[in-house]
Amino acid sequence: MDEVALTERLVAFDTSSPEGLRRAAEFVGGWLESRDIKAEQIESKGLPVTMAEVGPRDAPTLVLHGHVDVVPGDREMFTPRRDGDRLYGRGTYDMKGALAVMLLVLHDLREQETVRVRLGIVSDEESEEEDNRGSDALVGHGFIGDFAITGEPTNLQVGVQAKGVLAMRMEIKGRSAHGATPWLGDNAVVKAVQVFRAIESLPFARQSSALFDRPSINLGRIWGGDALNKVPDNCVMDVDIRFLPEQDPEEVMAQVKGLPDTRILTTFRRPPAVVEPESPFVQGLCQATSPHHPEHVMSVGRDGASDAVSFLNAGVPAVEFGPVGDGHHGPEEWVSVTSLRGYRQALADFVRDFPGLIPA
């Protein structure tokens, strides 16, 4: 099975639901076992976590890491389609294409005797749960190594930084009145939008860094009002803030708390991910990728949060590195077929010249 066929097989599972996640995990476990690669599956919050490895146990160790879950999509998104070099479908780019390649790389390297290559697959990377995440369960199970690569979308660049997450559920208060005389009330829904615009103008929102133009701020959900003919006096909205690695989330929250008629109900946090660009692992991965990239391979920052944090918290340097594509979480998500092949070769070449083999 080649990169495209395996990606298509994974995309066909609607892994935005627990049932689809379990079916996909069964397929992955069976795929590995049928190729004489022993797979172990545990659960984290009722969802499957898959682990497999090849190579000597006492050798320098590379951890490949990915997630099989996706955000919800229309039914047709789970029927992959190809147009030239682009393979379309939910999860092709984020990150079933990378996951397919990682499975194939594990198979490709099963006979080599110099590097221990481990593959860990979680089912909750896209979730809004803060604690007991699948990647933390992997690390808690001792699934670590000398270096970790998580296959998030990077367009064959090496992601050495990822923004942190400070998501907030906020309550905005107004004053009710009859819908026929809205000027006598204070519409909480309208005010919520104004609060969101005010968040976009706070001092933290205008900061930048070497790898990022600005923090990311998204109004993800909003609901309020209980009658058509009544001015709503209460509104709740979820705001997703991705702050820069240099920023303090407590300071960000303090600025938001200073807005009038606004109360923070709950928060969801994930710390930023940072690894040194000068790391021999990062440099080695850039070198291994260069022959397969049409442009210069370099260290980059990623706007999304990263499960690489779980490995970094355990003292394992970790980066994000994935194939070329676009449109993740959108209606036209795609991955480059050519880049899947280059991605496979780059990972294999990286293992061949793994920095852990170089004497200190």
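Listed by position, the strands (runs of 3 or more DSSP E) contained in the stretch 290-360 that have at least 1 residues being modelled with pLDDT of 95 or more are 318-320, 334-336. Of all the residues in the stretch 137-193, those that are under 17 Å from Ser310 (Cα atoms) and without any contact (Cβ under 8 Å) to a residue 40 or more places away in the chain number 2.
Please find, among Phe204, Phe243, Phe281, the residue that is in contact with a Phe, Trp or Tyr (Cβ under 8 Å, 6 or more places away or on another chain), of a type outside the set (S, T, N, Q) and assigned by TED's automatic domain parsing to the domain that holds Arg352.
Details: Phe204 fails: assigned by TED's automatic domain parsing to the domain that holds Arg352; Phe243 fails: assigned by TED's automatic domain parsing to the domain that holds Arg352.
Among Phe204, Phe243, Phe281, only Phe281 is in contact with a Phe, Trp or Tyr (Cβ under 8 Å, 6 or more places away or on another chain), of a type outside the set (S, T, N, Q) and assigned by TED's automatic domain parsing to the domain that holds Arg352.
The condition of being surrounded by fewer than 24 Cβ atoms within 10 Å (Cβ to Cβ) and either of a type outside the set (Phe, Trp, Tyr) or in a loop (DSSP other than H, G, I, E, B) (or both) holds for only one of Leu106, Leu119, Leu99, that being Leu106. Residue under question is Ser16, and the condition is that it be closer than 18 Å to Glu126 by Cβ, crowded, with 19+ Cβ neighbours inside 10 Å and in the same structural domain as Ala308 (by TED's automatic domain parsing); does it hold? Against the criterion (closer than 18 Å to Glu126 by Cβ, crowded, with 19+ Cβ neighbours inside 10 Å and in the same structural domain as Ala308 (by TED's automatic domain parsing)), Ser16 does not qualify.
I'm checking my understanding of the structure. Among residues of the stretch 214-271 that are charged (D, E, K, R), assigned to a strand (DSSP E or B) and touching a residue at least 24 places away in the same chain (Cβ under 8 Å), which one is farthest from Lys191 (Cα to Cα)?
Taking the stretch 214-271 as the starting set, the residues that turn out to be charged (D, E, K, R) are 214, 221, 226, 230, 233, 238, 240, 242, 246, 248, 250-251, 257, 261, 263, 269-270.
Applying the additional criterion that residues be assigned to a strand (DSSP E or B) yields 221, 230, 238, 240, 242, 263, 269-270.
Of the ones still in play, those that are also touching a residue at least 24 places away in the same chain (Cβ under 8 Å) are 230, 238, 240, 242, 263, 269-270.
On the way: Lys230: 15, Asp238: 14, Asp240: 18, Arg242: 23, Arg263: 13, Arg269: 25, Arg270: 28 Å.
The selected residue is Arg270.
For the stretch 130-170, a residue qualifies if it is in a helix (DSSP H, G or I) and among the charged types (D, E, K, R), and exactly one does: Asp136.
Only one of Gly304, Gly330, Gly325 is assigned by TED's automatic domain parsing to the domain that holds Thr150 and buried (at least 22 other Cβ atoms within 10 Å of the Cβ). Can you tell me which? If you could, list the steps in order and put the result at the bottom.
Details: Gly304 fails: buried (at least 22 other Cβ atoms within 10 Å of the Cβ); Gly330 fails: buried (at least 22 other Cβ atoms within 10 Å of the Cβ).
Answer to the check: Gly325.
Taken as a whole, the structure leaves Val63 outside the set of residues that are over 25 Å from Thr114 (Cα atoms), touching a residue at least 60 places away in the same chain (Cβ under 8 Å) and either of a type in the set (Asp, Glu) or buried (at least 20 other Cβ atoms within 10 Å of the Cβ) (or both). Taking the conditions exactly as written (farther than 22 Å from Met1 by Cβ, modelled with pLDDT of 95 or more, within 14 Å of the chain's Cα centre (by Cα) and in the same structural domain as Ser34 (by TED's automatic domain parsing)), does Val122 satisfy them or not? Spelling it out, Val122 is indeed farther than 22 Å from Met1 by Cβ, modelled with pLDDT of 95 or more, within 14 Å of the chain's Cα centre (by Cα) and in the same structural domain as Ser34 (by TED's automatic domain parsing).
Only one of the numbered conditions (1) more than 18 Å from Ser339 (Cβ to Cβ); (2) touching a Leu at 6+ places or on another chain (Cβ under 9 Å); (3) in a strand (DSSP E or B) is violated by Glu43, and that is (2).
With respect to Asp261, determine if the residue is more than 30 Å from Val158 (Cβ to Cβ), at pLDDT below 95 and not hydrophobic (A, V, I, L, M, F, W, C).
Values: more than 30 Å from Val158 (Cβ to Cβ): yes; at pLDDT below 95: yes; not hydrophobic (A, V, I, L, M, F, W, C): yes.
Considered against the rule, which asks whether it is more than 30 Å from Val158 (Cβ to Cβ), at pLDDT below 95 and not hydrophobic (A, V, I, L, M, F, W, C), Asp261 comes out as yes.
Among the residues of the stretch 72-86, how many are surrounded by fewer than 11 Cβ atoms within 10 Å (Cβ to Cβ) and either out of contact with any helix residue (DSSP H, G or I) (no Cβ under 9 Å at 6 or more places or on another chain) or not in a loop (DSSP other than H, G, I, E, B) (or both)? Residues in the stretch 72-86 being surrounded by fewer than 11 Cβ atoms within 10 Å (Cβ to Cβ) and either out of contact with any helix residue (DSSP H, G or I) (no Cβ under 9 Å at 6 or more places or on another chain) or not in a loop (DSSP other than H, G, I, E, B) (or both): 3 in total. Only residues that are surrounded by fewer than 19 Cβ atoms within 10 Å (Cβ to Cβ) and within 20 Å of Val193 (Cβ to Cβ) were counted in the stretch 254-280, giving 9.
With the requirement that a residue be of a type in the set (Gly, Ala, Ser) and within 24 Å of Phe354 (Cα to Cα), what does the stretch 126-151 give you?
So in the stretch 126-151, the residues of a type in the set (Gly, Ala, Ser) come out as 127, 134-135, 137, 140, 142, 145, 148, 151.
Matches in the stretch 126-151: Ser135, Gly142, Gly145, Ala148, Gly151.
Going by the conditions given, is Asp353 surrounded by fewer than 18 Cβ atoms within 10 Å (Cβ to Cβ), in the same structural domain as Gly66 (by TED's automatic domain parsing), touching a residue at least 40 places away in the same chain (Cβ under 8 Å) and over 30 Å from Glu250 (Cβ atoms)? Explain how you work it out, then say what you get.
Values: surrounded by fewer than 18 Cβ atoms within 10 Å (Cβ to Cβ): yes; in the same structural domain as Gly66 (by TED's automatic domain parsing): yes; touching a residue at least 40 places away in the same chain (Cβ under 8 Å): yes; over 30 Å from Glu250 (Cβ atoms): yes.
Against the criterion (surrounded by fewer than 18 Cβ atoms within 10 Å (Cβ to Cβ), in the same structural domain as Gly66 (by TED's automatic domain parsing), touching a residue at least 40 places away in the same chain (Cβ under 8 Å) and over 30 Å from Glu250 (Cβ atoms)), Asp353 qualifies.
A count restricted to the stretch 194-206 and to residues that are touching a residue at least 12 places away in the same chain (Cβ under 8 Å) and assigned to a helix (DSSP H, G or I) stands at 8.
The values are calculated or read from the model by the stated rules, or taken from the named source; none is laboratory data. Remember, predicted model here, so these are calculated numbers, not experimental data. Backbone-built Cβ (ideal geometry, glycine too); neighbour counts: all protein chains shown.
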